[in-house]
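To start, the structure itself, in structure tokens.
The values are calculated or read from the model by the stated rules, or taken from the named source; none is laboratory data. These numbers come from a predicted model, not from an experiment. All Cβ positions, glycine included, derive from the backbone under ideal geometry; neighbour counts span all protein chains shown. The accessibility values were calculated without ligands, DNA or RNA, using every heavy atom of the protein model including side chains. Shrake-Rupley method; radii C 1.70, N 1.55, O 1.52, S 1.80 Å.
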Amino acid sequence: MSGPPAAAVAAARTALERAVRVVVFTGAGVSAESGVPTFRGAGGLWRTFKPEDLATPVAFGRDPRLVWEWYAWRRETVARCEPNAAHRALARWILGRAGVTLVSQNVDDLHERAAREAAPDAERARRAEPVKLHGSLFHDHCTRCPYRAGARGAVDATSVATLPHCPECGGLMRPDVVWFGEMLPARRVEAAFAATAEAEACLVIGTTGAVYPAAGVVHTAKAAGARVVVLDPGATEYDGLADVKLVGQAGEVLPQLLA
Ligand code: BV8
């Protein structure tokens, strides 16, 4: 795919350089070139699986083995993937300037991995780590007590008894992601929308903008007067409010745009 016209990239770069505070909002598309399936695109997860069957508390209550099998498969798939040129260009750019808040819908931890690769230490890496609105594939939390931990080892889904259980209270563990019909973590929503309300530019990468309340981030930025730059090879819900639309792949365009 040939990239966006140079004039569009220049206009986007100017919008980002002029902004003291920037919000970057990402979706599954930023990880597509790493081999992580998107949700709605060709080969997208929702083409094969129905979200209401797998990504809701009701589905988990109905058949926790099926839901755990699916998350274990996604975890193994993502664990074999590497951050791509888009994740890396973003991490370098954020560490190289002030005033950028990265907000992501992704649960694949590839932004975190790129931040840790790019930063000299964990402390500084945190500046390039995203506000994770929808959680992480690589953490679990107890369905009964506040216990939460990094995912350990393979999941044995042969029976409910073999599924991960809480070492504190014996309750059934579940993936630490936000399912449909569930509230997002309040502190993360506050952090994302606080940064958005005062941003002069908003860079949107690889999202259809169809899932709320996360999708509201870009509308809030626009309403606050931010210049909106949308990078996506396809059509998105944000095209109508974009000041600059860059049609292209994140891994090809971001290294140019953020150089
Ligand atoms: C809630 C974690 C409240 C789990 C996810 C308002 C209006 C309508 C509906 C609602 C509304 N408010 C709430 C709802 C209901 C619902 C919702 O939004 N439904 C939608 C489907 C209509 N929202 C909720 O349920 C939310 N909770 O509202 O609670 C509440 C609760 C209780 C009581 C009262 C109120 C919770 C939503 C969170 C769900 N969890 N993920 C998991 O991953 O398993 S959502 C999940 O899907 C992702 O996190 C992400 O958010 C979404 C996928 O979207 P994208 O990332 O955009 O991916 P997609 O495939 O769509 O697009 C990829 C894009 O990349 C494409 O544009 C493509 O062209 C592009 N691309 C492809 N290749 C590249 C590329 N771009 C660049 N480079 C490339 N190489």
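Along the range 82-92, what does the Karplus equation 6.51 cos²θ - 1.76 cosθ + 1.60 (θ = phi - 60°) give for ³J(HN,Hα), rounded to whole Hz, x for Gly and Pro?
For the range 82-92, the Karplus curve yields 10, x, 9, 4, 5, 4, 6, 4, 5, 4, 4 Hz.
Leaving ligands, DNA and RNA out of it, report the carbon-plus-sulfur percent of the accessible area of the range 130-259 at a 1.4 Å probe. List each step's numbers first, then the result.
Working: 3200 of 5760 Å².
Percent of accessible area from carbon and sulfur atoms in the range 130-259: 56.
So, counting K/R as plus one and D/E as minus one, what does the shell of residues with Cβ under 15 Å around V30 add up to? Please report the intermediate quantities before stating the final value.
Numbers: positive: R40, R88, R92, R113, K132; negative: E33, E82, D108, D109, E112, E129, D232, E252.
Taking every Cβ under 15 Å from that of V30, the sum is -3.
Treating only the Cβ atoms of Lys and Arg (+1) and Asp and Glu (-1) as charged, compute the dipole magnitude of the chain about its Cα centre; round to the nearest 20 debye. All intermediate terms of the calculation are to be shown ahead of the outcome.
Numbers: 29 positive and 28 negative charges, 56 e Å.
Dipole magnitude for the chain comes out near 280 debye.
Roughly how many Å² is the accessible area per residue of the chain, as a whole number, for a 1.4 Å probe?
Values: 11760 Å² over 259 residues.
Result: 45 Å² of accessible area for each residue.
Rounding to the nearest 20 debye, state how big the charge dipole of the range 141-259 is about its Cα centre with +1 on each Lys and Arg Cβ and -1 on each Asp and Glu Cβ. Intermediate values should be presented prior to the final figure.
Values: 9 positive and 12 negative charges, 69 e Å.
Its charge dipole is roughly 340 debye.
Volume per residue, Å³, of the convex hull around the alpha-carbon atoms of the chain?
Values: hull volume 32.5 nm³, N = 259.
Roughly 126 Å³ of hull volume per residue.
Nearest 20 debye, what's the magnitude of the dipole of the range 98-178 about its Cα centre given +1 on Lys and Arg Cβ and -1 on Asp and Glu Cβ?
Values: 10 positive and 11 negative charges, 32 e Å.
The dipole of the range 98-178 has a size of about 160 debye.
How long is the range 215-259 along each principal axis, judged by its Cα atoms, biggest number first, in Å?
Reported extents, whole Å, longest axis first: 29, 22, 16.
What percent do you get for the relative contact order of the chain when only Cα pairs under 8 Å and 6+ apart count? Display every interim value, and only then the final one.
Working: 480 pairs, mean separation 68.6, N = 259.
RCO, the chain: 26 percent.
Sorted by mean Cβ packing within 10 Å, highest first, what order do the peptides 86-93, 150-157, 251-258, 22-29 take? Intermediate values should be presented prior to the final figure.
On the way: 86-93: 24.6, 150-157: 13.1, 251-258: 20.6, 22-29: 26.8.
Per-residue Cβ counts within 10 Å, averaged per peptide and sorted highest first, yield 22-29, 86-93, 251-258, 150-157.
To make sure I understand the rule: partners must be aspartates and glutamates, Cα under 16 Å from the Cα of K245, and not fewer than 8 residues away in the same chain. Which ones qualify?
Within the straight-line cut-off, K245 pairs with D232, E237.
So who's got an amide H within less than 5 Å of the one on S136, skipping anything under 5 residues away but keeping other chains? H placed 1.01 Å off N, in plane.
Hits under the 5 Å cutoff: D176, V177.
Over the range 184-232, what relative contact order in percent results from Cα pairs under 8 Å that are six or more residues apart?
On the way: 53 pairs, mean separation 22.9, N = 49.
Once normalised by length, the contact order is 47 percent.
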